[in-house]
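Data first, discussion second: the structure below is written as structure tokens.
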Amino acid sequence: MKTAAQRKVSVIVPTCDRPALLREALASIRLLEGPDLTFEILVGDNGIAPETWTVAEEFGAIYLKASTRGASAARNVGLRAATGEYLAFLDDDDVWLPENIRSQVALLDRYSTLDAVIGQVLYADSHLVPTGSPWPDWPGEGDQLLRKMLSGFFPQIGTTLARIDVREKIGEFDETLIGGEDLDWLLRIARQRRLGFVATPCIIFRGRPGGSYDSLQRMRIGYDRRVFFRHALPEWRLWRSPLDFSKAYSGTLMHFYKYFVDAAVARAERGERQEALRAIVTAFGVFPLRGAHHLVAHRPLRTAFWASIAPCRRSSTRA
């Protein structure tokens, strides 16, 4: 029951056929409730697993069916139904940390000029074992924060707390984007210079083994490129020169390039020649000149390339 002192936060959780992970996510949300804080959990489902509804009910969440695929559609059904004072988010494979939410509420209370606040993320392996320290330390504010977000800094949507009226101010998540939709949504707030930051660890982000999601990464390249130009071109004054603009573009896509270079090396070492070559071609597609340079100067990539195109050795037996 909500008391007069409680702040009500609508938490939007998109999900797709991962009920076991969803249970962990929802449990981490409920653990943060207290006399000062209550959560309206909205599970947006665009999967087909029948267990999803059961898990949502187990944690007192509102189950909402999304009619189209993609995280944007699943978040939007929750966004439309939200009735809280604030909006928060959590992907179904991540978990909140105990420090989340209250620091963002305090900052929004202090500064009426802010519409939303982001925090730190703790990266982990697939079993939620942390692999580093909370990040980032300080991404800046105003123009500096926007410039970083257009140069490779991707805030995690699960660290975000926004005032409910951003729903009307900036709109819904873009359902034409299958990747980069969360960055696109946050950039709309940042471009108003109304996005803040707290140096508080907010979520544990569940990572995936390197080289295990090539198809997903290939699909995301084009969407992240589209998001960059959608927001960077109108904000071209942020950069002192075309060269600085080009560096920002490179920073935005660099993680894709590094992913496919590492994937090519790993696949070549395992003898997966076709997949190694495909990873190299994808890396070239991201940055052709950098790829050509590294093919000469980067020994592991060069070795992977020759291994991928070398003729297969046929074993023979002596009669």
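The values are calculated or read from the model by the stated rules, or taken from the named source; none is laboratory data. This one's a predicted model, so the numbers in the text were calculated from it and none came from an experiment. A quick note on method: Cβ atoms are made from the backbone with ideal geometry, for glycine too, and the neighbour counts reach across all protein chains shown. SASA here: full protein model, heavy atoms, side chains in, ligands and nucleic acids out. Shrake-Rupley method; radii C 1.70, N 1.55, O 1.52, S 1.80 Å.
Among the residues that make up region 90-104, is at least one of them open to solvent by 10 Å² or more (accessible area, probe 1.4 Å), β-branched (Val, Ile, Thr), under 27 Å from Pro134 (Cα atoms) and not in a helix (DSSP H, G or I)? For region 90-104, residues open to solvent by 10 Å² or more (accessible area, probe 1.4 Å), β-branched (Val, Ile, Thr), under 27 Å from Pro134 (Cα atoms) and not in a helix (DSSP H, G or I): present.
Taking every residue in region 49-70 that is open to solvent by 90 Å² or more (accessible area, probe 1.4 Å) and pairing it with any residue that is at pLDDT 95 or above and in a helix (DSSP H, G or I), at least 6 positions away or on another chain, the pairs with Cβ-Cβ distances below 6 Å are Glu51/Pro19.
Filtered by the rule that a residue be farther than 15 Å from Val286 by Cβ and hydrophobic (A, V, I, L, M, F, W, C), region 249-267 gives Val265, Ala266.
Taking Arg110, is it at pLDDT 95 or above and under 24 Å from Leu22 (Cα atoms)? Steps first, answer last, please.
Working: at pLDDT 95 or above: yes; under 24 Å from Leu22 (Cα atoms): no.
No; evaluated as a whole, the condition is false for this residue.
Restricting region 211-254 to residues that are under 19 Å from Gly140 (Cβ atoms) and among the basic types (Lys, Arg), which is least open to solvent (accessible area, probe 1.4 Å)? So, considering only residues that are under 19 Å from Gly140 (Cβ atoms) and among the basic types (Lys, Arg), the one least open to solvent (accessible area, probe 1.4 Å) is Lys247. For region 75-94, name all the residues that are of a type in the set (A, V, I, L, M) and over 20 Å from the mean Cα position of the chain (by Cα). Passing the criteria: Ala81, Ala82. Suppose we filter Ile101, Ile41 for residues that are at positive phi and touching a residue at least 12 places away in the same chain (Cβ under 8 Å); which single one remains? Criteria check complete, one pass: Ile101.
If the condition is being among the β-branched types (Val, Ile, Thr), out of contact with any Leu (no Cβ under 8 Å at 6 or more places or on another chain) and touching a residue at least 40 places away in the same chain (Cβ under 8 Å), then region 237-296 contributes only Thr282.
Confirm whether Thr176 is part of a loop (DSSP other than H, G, I, E, B), open to solvent by 10 Å² or more (accessible area, probe 1.4 Å) and of a type in the set (Val, Ile, Thr). Spelling it out, Thr176 is indeed part of a loop (DSSP other than H, G, I, E, B), open to solvent by 10 Å² or more (accessible area, probe 1.4 Å) and of a type in the set (Val, Ile, Thr). I'm checking my understanding of the structure. Among residues of region 155-173 that are in contact (Cβ under 8 Å) with a residue 40 or more places away in the chain, not basic (Lys, Arg) and not in a helix (DSSP H, G or I), which one is surrounded by the most Cβ atoms within 10 Å (Cβ to Cβ)? Residue satisfying both the conditions and the ranking: Ala162.
Any chance region 63-80 includes a residue that's in a loop (DSSP other than H, G, I, E, B), farther than 16 Å from Phe173 by Cα and not hydrophobic (A, V, I, L, M, F, W, C)? It would help to see each step written out before you state the result.
Just the residues of region 63-80 that are in a loop (DSSP other than H, G, I, E, B), to begin with: 66-70.
Subset that is farther than 16 Å from Phe173 by Cα: none.
No - not one qualifying residue is present in region 63-80.
Applying a threshold of 8 Å to beta carbon distances and a minimum spacing of six or more residues, or different chains, the list of pairs starting in region 185-214 at a residue that is within 30 Å of Ala276 (Cβ to Cβ) and in contact (Cβ under 8 Å) with a residue 24 or more places away in the chain and ending at one that is of a type in the set (Asp, Glu) and open to solvent by less than 30 Å² (accessible area, probe 1.4 Å) reads Phe205/Asp94; Arg206/Asp93; Arg206/Asp94. Number of residues in region 1-33 that are more than 19 Å from Ala71 (Cα to Cα), open to solvent by less than 20 Å² (accessible area, probe 1.4 Å) and assigned to a strand (DSSP E or B) equals 1. The residues in region 135-154 that are more than 17 Å from Ser112 (Cα to Cα), small (Gly, Ala, Ser) and either open to solvent by 20 Å² or more (accessible area, probe 1.4 Å) or under 14 Å from the mean Cα position of the chain (by Cα) (or both) can be counted, and the count is 2.
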